[in-house]
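Asker: Take this structure first; my questions come after.
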Amino acid sequence: MKNIDLKRSCNLPVFLFIQLFMATIFFSNSSLNAGGYKNTMKSFYDLQLNDINGEEIDLQSFRGKKVLLVNVASKCGYTDQYADLQNLYEAHGDKLEIIGIPCNDFGRQEPGSASEIQKFCKINYGVTFTLAEKQKIKSEPMSSIYQWLSDPNLNGWNNSLPSWNFCKYVINESGELTHFFKSSVDPNGREILDLF
């Protein structure tokens, strides 16, 4: 009996290796692809978002371009980033779409109506990129676009919501979320320009 136990104990490392190998094969997460994205994630292009006039934005039409989503506000210390965003859009509009998403959740700095926001952006910054309807990020009900942007099960990796106005999310040409930038990141700074 002792010889049998000794024999078994000598094979224990081999046995454990085989068990680990088999478990890896049978229980591995097959929903991950090489980029670390979950194959079951919902695509950005499947989302619905209306423009500031209440018309649906055809997100499918942005395939093949990067999309920069920015939560914007008219009465914020970062509001001058509208000018930087417009410059970025004019310089890279052939490969970039920008969607400014008004939100009043951070310091109540976007209290205006849709027409007031649109007028403010046009008169003060000459904004020609897309402005979306006002969305809720911290208050209920949370916007479906921000649910997607902040849920790793939906977007593949990110769980960060904006901490203030003018946070930036980058969607790549295939509809995958690739970057999140805080408010202080300059739209014309290296961190963003290096993406082009």
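Asker: Tell me, what ³J(HN,Hα) does each residue in region 55-63 have, in order and in whole Hz, if you take phi through Karplus 6.51 cos²θ - 1.76 cosθ + 1.60 with θ = phi - 60° and put x for Gly and Pro?
Answerer: Result, rounded to whole Hz: 8, 5, 7, 7, 5, 4, 5, 8, 3.
Asker: Which whole-Hz couplings ³J(HN,Hα) result when phi for each residue of region 87-94 is put into the Karplus expression 6.51 cos²θ - 1.76 cosθ + 1.60, θ = phi - 60°, listed in order with x for Gly and Pro?
Answerer: Rounded to whole hertz, the list is 4, 4, 5, 5, 6, 10, x, 6.
Asker: Modelled label-to-label distance, residue 51 and residue 138, 7 Å Cα→beta-carbon offset: nm?
Answerer: Once both label points are built, they end up 3.0 nm from each other.
Asker: Can you list which of the trypsin sites (Lys or Arg not before Pro) found in region 136-196 are DSSP loop residues with at most 15 other C-beta atoms within 10 Å? List each step's numbers first, then the result.
Answerer: Working: sites: 136, 138, 168, 182, 190; in loops: 136, 138, 182.
Passing sites in region 136-196 are 136, 138, 182.
Asker: Applying the Karplus parametrisation 6.51 cos²θ - 1.76 cosθ + 1.60 with θ = phi - 60° to the phi angles of region 137-153, what ³J(HN,Hα) value in whole Hz is obtained for each residue in order, glycine and proline being reported as x?
Answerer: Residue by residue, region 137-153 yields 10, 9, 8, 9, x, 5, 4, 5, 5, 6, 4, 5, 5, 10, 10, x, 5 Hz.
Asker: Mind scanning 42/122; 95/122; 65/138; 95/136; 42/136; 136/182 and naming the pairs with a C-alpha gap bigger than 26 Å? Walk me through the intermediate numbers first.
Answerer: On the way: 42/122 33 Å; 95/122 22 Å; 65/138 29 Å; 95/136 28 Å; 42/136 20 Å; 136/182 18 Å.
From the list (42/122; 95/122; 65/138; 95/136; 42/136; 136/182), the Cα-Cα distance tops 26 Å for 42/122; 65/138; 95/136.
FYI, it's all coordinate maths here, none of it is from the lab. Here the structure is a predicted model, which means the values were calculated and not measured. Backbone-built Cβ (ideal geometry, glycine too); neighbour counts: all protein chains shown.
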